[in-house]
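Read the structure below first, then the notes.
The values are calculated or read from the model by the stated rules, or taken from the named source; none is laboratory data. For clarity, every value in this text was computed on a predicted model and none was experimentally measured. Reconstructed Cβ throughout: ideal geometry from the backbone, glycine too, with neighbour counts over all protein chains shown. When the accessible area is computed, the model is the full protein with side chains, heavy atoms only, and any ligands, DNA or RNA have been set aside. Shrake-Rupley method; radii C 1.70, N 1.55, O 1.52, S 1.80 Å.
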Amino acid sequence: MAVRTTVIGSWWLHPEHSPDLRNYHSGELSARESEAVLSRAAAAAIQEQRDLGLDEWTGGEYQTDDFITHMHRLLTGLKITKQGEPQPFDYDDMTTATVVGEITAPDGLGCLRAYRRESKLPGGVNKAAVVSPYEVVAAARGESDAISAQIQALTGIVNKELRGLADEGCANVQLDAPIFGGSVNEGIMTAAQAAELIAPCFEGVNATKSLHFCNGNLRGRPIAGVLRCAPWVEILKHLDGVIDIAAFEVKYFSQFHERDAFKDMPKSMQLAAGIVDEGSYWVEPVKKIRERIADWARVVGEDRLWVSPSCGFGRHPSRDIPVLREKVQNMVEAAATF
C-alpha cells in the first residue's frame, strides 16, 4: 500500500522569481504587477509539486516574506521597536514590537487572497495554511500579558482566515502553530492550555483540518531547546474531534525514539510524519526514508499515515534547489514503494 505524501506550506524560491518577489515584498510593484508576479511563482511551484508526484500541494506561500517575518505589517495595534534584518541570520534578527492598542488585521492575513488567486491556476491548490494566534503576533513575543489580553481578537483573525479558505473550497486547511508545540515541550504551557487556544481557531471550519507543530526552522535551526514530539500527543488527546491530521516534525533521532507515544493518538486522527529534514543538505536515501515510513506505519497504521518534509522550505537564496528536489523525490519514491 502506498503512503500518501504532502507538504507543510512554503515551497523553495526559484532564482528566476527572486528579483520580482523581492520587489513585491518591498512594496515597489503595482497591484496588477503584484498579482502577475505572485501568480507566476505559484504556478511554477504547483507544477513542480505535481510533477514530483505529491498527493497534496500548496501555492508555495510566496505572498509571505518568510513565514511570519512580515506579519506585523498586516496588523494594527503594534508599535515597532526594532526593524528586522532584510536577511535574518538568527531569531533575534526578526522585527520586534510592543502592543499599543487593539490588534486587528483589516485586510486579513493574505492566505485567503492567495488561495483565491492560486485556485484558478493550472492544477489548483488542495492545501493551504494559516499561522496560529501566537505566530500572528510574533513581533510582540516579549509581551506575554498583552498578548493574553488580545488572544480573543487574535483567534478571531485566524479563525476568519481558516473559515474563508474552507468556504472557498480548499480541501485541507492547516494551522501552523510551532510556538504551541515548543511551549509544551519546554513546560511553558500545559497540553490542555495549548489545546484550549488551538480549538477555537477551527470553529466553523468545514474542511479537513490539519495542525502543524515543529521546533522552529530558521536557516535550518530550531528555536526550541527541547527537541521532542511525544508531549504533542497529549495535546491531540484534548483535540479529539477537532483535528483530522497532525502534521508533525519527527525528523530528529530523539523524536524517532518517541514514536511509540503516537499509539495513544486519537483514532479519529491521521499523522503526517515530517521525517525528511528540509533544513539539512544531507539527502536522505530512499532506503532510509522507507525504513522510517515502515516504523511509523507500525505505530499508527498505513491507512492513517502521510509523510512529508518536517517543515516548509525556507526562502534563503543560498538553498540548493537540486538537493531539496532530490529530498522530495526520494520521499515520494519511498512512500510509493515501502
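Scan the helices (runs of 4 or more DSSP H) fully inside region 125-221 and keep the ones with 1 or more residues being touching a helix residue (DSSP H, G or I) at 6+ places or on another chain (Cβ under 8 Å) and among the hydroxyl-bearing types (Ser, Thr, Tyr).
133-136, 151-167, 178-185
Which condition breaks for GLN49 when tested against (1) at pLDDT 95 or above; (2) in contact with a strand residue (DSSP E or B) (Cβ under 7 Å, 6 or more places away or on another chain); (3) open to solvent by less than 40 Å² (accessible area, probe 1.4 Å)?
(2)
Can you tell me which of ALA195, ALA171, ALA166 is small (Gly, Ala, Ser), within 16 Å of ASP240 (Cα to Cα) and more than 15 Å from the chain's Cα centre (by Cα)? Steps first, answer last, please.
Numbers: ALA171 fails: within 16 Å of ASP240 (Cα to Cα); ALA166 fails: within 16 Å of ASP240 (Cα to Cα).
Being small (Gly, Ala, Ser), within 16 Å of ASP240 (Cα to Cα) and more than 15 Å from the chain's Cα centre (by Cα) holds for just one of ALA195, ALA171, ALA166, which is ALA195.
Restricting to region 229-258, give me the number of residues that are closer than 30 Å to ASN206 by Cα, open to solvent by 20 Å² or more (accessible area, probe 1.4 Å) and of a type outside the set (A, V, I, L, M).
7
Confirm whether VAL158 is touching a Cys at 6+ places or on another chain (Cβ under 8 Å) and either open to solvent by less than 30 Å² (accessible area, probe 1.4 Å) or within 16 Å of THR58 (Cα to Cα) (or both).
Values: touching a Cys at 6+ places or on another chain (Cβ under 8 Å): yes; either open to solvent by less than 30 Å² (accessible area, probe 1.4 Å) or within 16 Å of THR58 (Cα to Cα) (or both): yes.
So VAL158 passes the test.
I'd like to verify a number: residues in region 75-92 that are surrounded by fewer than 16 Cβ atoms within 10 Å (Cβ to Cβ) and out of contact with any helix residue (DSSP H, G or I) (no Cβ under 6 Å at 6 or more places or on another chain), how many?
Summing the residues that are surrounded by fewer than 16 Cβ atoms within 10 Å (Cβ to Cβ) and out of contact with any helix residue (DSSP H, G or I) (no Cβ under 6 Å at 6 or more places or on another chain) in region 75-92 gives 12.
Consider SER310 against the criteria (1) without any contact (Cβ under 8 Å) to a residue 24 or more places away in the chain; (2) open to solvent by less than 30 Å² (accessible area, probe 1.4 Å): it satisfies all of them except one. Which criterion is unmet?
That leaves (1) as the condition not met.
Filter region 259-289 down to the residues that are touching a Ser or Thr at 6+ places or on another chain (Cβ under 9 Å), closer than 20 Å to THR337 by Cβ and open to solvent by 10 Å² or more (accessible area, probe 1.4 Å) and list them by number.
Selection gives ILE275, VAL286.
Just give me the residues in region 25-74 being touching a Leu at 6+ places or on another chain (Cβ under 7 Å) and either part of a helix (DSSP H, G or I) or small (Gly, Ala, Ser) (or both), in sequence order.
VAL37, SER39, ALA41, ALA42, ALA43, ILE46, HIS72, LEU74
Name every residue in region 100-122 that is in contact (Cβ under 8 Å) with a residue 60 or more places away in the chain, surrounded by 16 or more Cβ atoms within 10 Å (Cβ to Cβ) and part of a loop (DSSP other than H, G, I, E, B), in order of residue number.
Correct list: LEU121 only.
β-branched (Val, Ile, Thr), open to solvent by less than 50 Å² (accessible area, probe 1.4 Å) and farther than 24 Å from ALA171 by Cα: is that true of VAL299 in this structure? Spell out the reasoning first.
Numbers: β-branched (Val, Ile, Thr): yes; open to solvent by less than 50 Å² (accessible area, probe 1.4 Å): yes; farther than 24 Å from ALA171 by Cα: yes.
Considered against the rule, which asks whether it is β-branched (Val, Ile, Thr), open to solvent by less than 50 Å² (accessible area, probe 1.4 Å) and farther than 24 Å from ALA171 by Cα, VAL299 comes out as yes.
Being within 15 Å of VAL137 (Cβ to Cβ) and either among the aliphatic types (A, V, I, L, M) or out of contact with any Ser or Thr (no Cβ under 9 Å at 6 or more places or on another chain) (or both) is the filter here, so list the residues in region 53-72 that pass it.
ILE68, MET71
Look through LEU239, LEU227 and report the one residue that is farther than 22 Å from LEU52 by Cβ and at pLDDT below 95.
Values: LEU239 fails: at pLDDT below 95.
Testing whether each residue is farther than 22 Å from LEU52 by Cβ and at pLDDT below 95 leaves just LEU227.
Restricted to region 8-22, and to residues that are open to solvent by less than 50 Å² (accessible area, probe 1.4 Å) and not small (Gly, Ala, Ser), which residue is farthest from ASP65 (Cα to Cα)?
Checking each candidate, the answer is ILE8.
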